[in-house]
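For reference, the structure discussed in these notes is given below.
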Amino acid sequence: MKFANEKILEAKSMTLSFESIPIQLDQIYGFNLHAIFTGSPVGTFKLQASNDDVPLVSQISNWIDISGSSQAIISSGSVMWNYNGAFYRWVKVVYTAAGGSGSCDINLMSKGA
């Protein structure tokens, strides 16, 4: 079984909306995303998935919100998503800013064949 642990976003300003890099889930059975944020951000995190069969990240065009993944925030803290049996081809974190400021890091832990 393979394990991966990597930072997919570092010190991203939360004054504006942003997205993480798309994560390709080929051969990954489960994943955990952990967003850690400082300051006084106000906004919403959510996960989006795609099954687009494309070789380049820039070619992904069909993103769908993952049901139940939305998390509203109003202060510093963290949000964690844990998925077993992840059968999406791609996944990413989306942050929609509504006010405040802060900084965000996102870490990925995954397990696969």
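A short reminder: the numbers here are calculations on the coordinates, not readings from a lab. Quantities reported herein were computed from a predicted structural model and do not represent experimental measurements. Cβ coordinates were reconstructed from backbone atoms using ideal geometry, including for glycine residues, and neighbour counts include every protein chain displayed.
List every residue whose amide H lies under 5 Å from the amide H of Y29, counting only residues 5 or more places away in sequence or on a different chain, with H placed 1.01 Å from N in the peptide plane.
For Y29, whose amide H was placed from the backbone, the distant partners under 5 Å are K111, G112, A113.
Note the direction-averaged projected area, equal to a quarter of the hull surface, for the Cα convex hull of the chain, in nm².
Mean projected area for the chain: 6.6 nm², to one decimal.
Between the stretch 70-106 and the stretch 1-61, how many Å separate their Cα centres?
If you average the Cα positions of each part, the centres end up 8 Å apart.
What is the set of long-range amide H partners of T15 at a cut-off below 5 Å, with H atoms built 1.01 Å from backbone N?
Correct list: G102.
Quick one: what are the phi-derived ³J(HN,Hα) couplings along the stretch 38-50, Karplus 6.51/-1.76/1.60 with θ = phi - 60°, whole Hz, x for glycine and proline?
With the stated coefficients, the stretch 38-50 comes to 10, x, 10, x, 10, x, 9, 9, 7, 9, 10, 10, 8 Hz.
Only four residue types carry charge here, +1 at the Cβ of Lys and Arg and -1 at the Cβ of Asp and Glu. Report the dipole size of the chain about the Cα centre in Debye, rounded to the nearest 20.
In total the dipole reaches around 180 debye.
In whole percent, what relative contact order does the chain give with Cα contacts below 8 Å and a gap of six or more residues?
53
Could you give each residue of the stretch 19-33 its phi-based ³J(HN,Hα) in whole Hz, using Karplus coefficients 6.51, -1.76, 1.60 with θ = phi - 60°, and x for Gly or Pro?
10, 6, 5, x, 10, 7, 9, 4, 6, 9, 8, x, 8, 9, 10
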